[in-house]
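These notes are about the structure you will find just below.
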Amino acid sequence: MAIESVFPRANARFGAAAMVALLCAALAACSGSNQSAPQAAKAPVAPAKAASTSAKPATVAPNAADRLAAMSVDQLMDHAQKALKEDRLVAPAGDNAFEYYLAVLHKSPNNRAAQDALRETFPYGAQTVDQTINQGNYAEAQREIDLLAKADPTNYTLTILRSKLDAARKVATQQQQAKKAAALAQTATAAAAAAQKQQQEQIAAAALKQRQEQAATAAALRQQQEQQAAVAATARKAAVVKAPAQTENRNAQVVRQVPAKYPLQAARNGEQGWVDVAFTVNPDGSVSNAHVTDAEPRRVFDRAAIDAVSRWQFKPALINGRPTAVVVKRRIEFKLSGNG
């Protein structure tokens, strides 16, 4: 929200020029032969130029205060008049007309020329403060308001300036908070998008792995079937040539079936389901290469099923009386009343 100026800007340059010209003439008349009174000089440009204030907050340095204290009244009046000509009403700190006139009054409280100068230039100093606020230099504006208050502490213009400065600071604070909130929201949105992308990639990777395992199982089954078919064909050919020898063929037979442990979390959640597991029964009857080919629900009972199957023992499959590795598929069911 923009803070409107509390002072009119129309003809500010010409009003200030005329004011300073009249002020210089009045001071010269009041001081008579007093060299401390400001001499008539070229009128300054508008007192509220952007160049008349520092871009950063300024404070009166200790050496500046010492410098003012070391000057005589005449020197202070000369510096004050020069500051008026150069449009340095309230800034920079330690080198402006108001501070010089105030220093005069500190040394000579009844100095009429300094009193008149402060009174007559007060409105133009207020215009400078107004523009300093508009430029967003709030610390400098506060210093200038405090300086004006030393010259005329009860002037109602100070109340207006302070109100405007407070409002401008609040607007600036609100804008900063809004920018910060927007940045935080943007960061949160980006983080959520990254997390979602990562989750999608993990799901896709898991699906790919499952497809690869299913393809490997299917290939192993085909290879087994081809081997069995080849063995059978060889046996048939041998039977034609000679009498069949004593042979034995059988499928793998389980001799020790370890029950699957029901997952604790699934039991707490009341979940039931099943897992299809494919595995290889080796010639020694042990189990290897156990993996899940399908499950409902997914990834809830997989580990329990694989752990159980891996501990099973079999009588190996026999082909022509020889133990042979075969791939076996079993469905392991998980029910709250029991599992197997």
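All of the numbers you see were taken from the coordinates with simple rules; none came from a lab. No experiment lies behind these values; they were computed from the predicted model shown. Cβ coordinates were reconstructed from backbone atoms using ideal geometry, including for glycine residues, and neighbour counts include every protein chain displayed.
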Simple SL model, points at 7 angstrom along Cα→Cβ for Ala238 and Leu221; separation in nm is 2.9
Of Lys197/Lys261; Lys82/Lys150; Lys197/Lys335; Lys82/Lys170, which pairs sit farther than 30 Å apart, going by alpha carbon to alpha carbon?
Lys197/Lys261; Lys197/Lys335; Lys82/Lys170
Highest mean first, what order results for 247-254, 102-109 on Cβ atoms within 10 Å?
102-109, 247-254
For the Arg112, Lys170 Cβ pair and Förster radius 30 Å, calculated FRET efficiency rounded to 0.05 is 0.10
Where nothing but the Cβ of Lys and Arg (+1) and of Asp and Glu (-1) is charged, how large is the charge dipole of the stretch 138-293 around its Cα centre, in debye to the nearest 20?
220
Given charges of +1 on the Cβ of Lys and Arg and -1 on the Cβ of Asp and Glu, with all other atoms neutral, how large is the dipole of the stretch 220-336 about its Cα centre, in debye to the nearest 20?
240
Ordering of 179-191, 71-83 by packing [mean C-beta count within 10 Å, highest first]
71-83, 179-191
What does the extension gain come out to for Lys179 and Asn289, with contour length at 0.36 nm per residue minus their alpha carbon separation?
33.9 nm
By the C-alpha gyration tensor axes a ≥ b ≥ c (rounded if a/c is under 1.5, else prolate when a/b exceeds b/c, else oblate), the shape of the stretch 126-285 is prolate
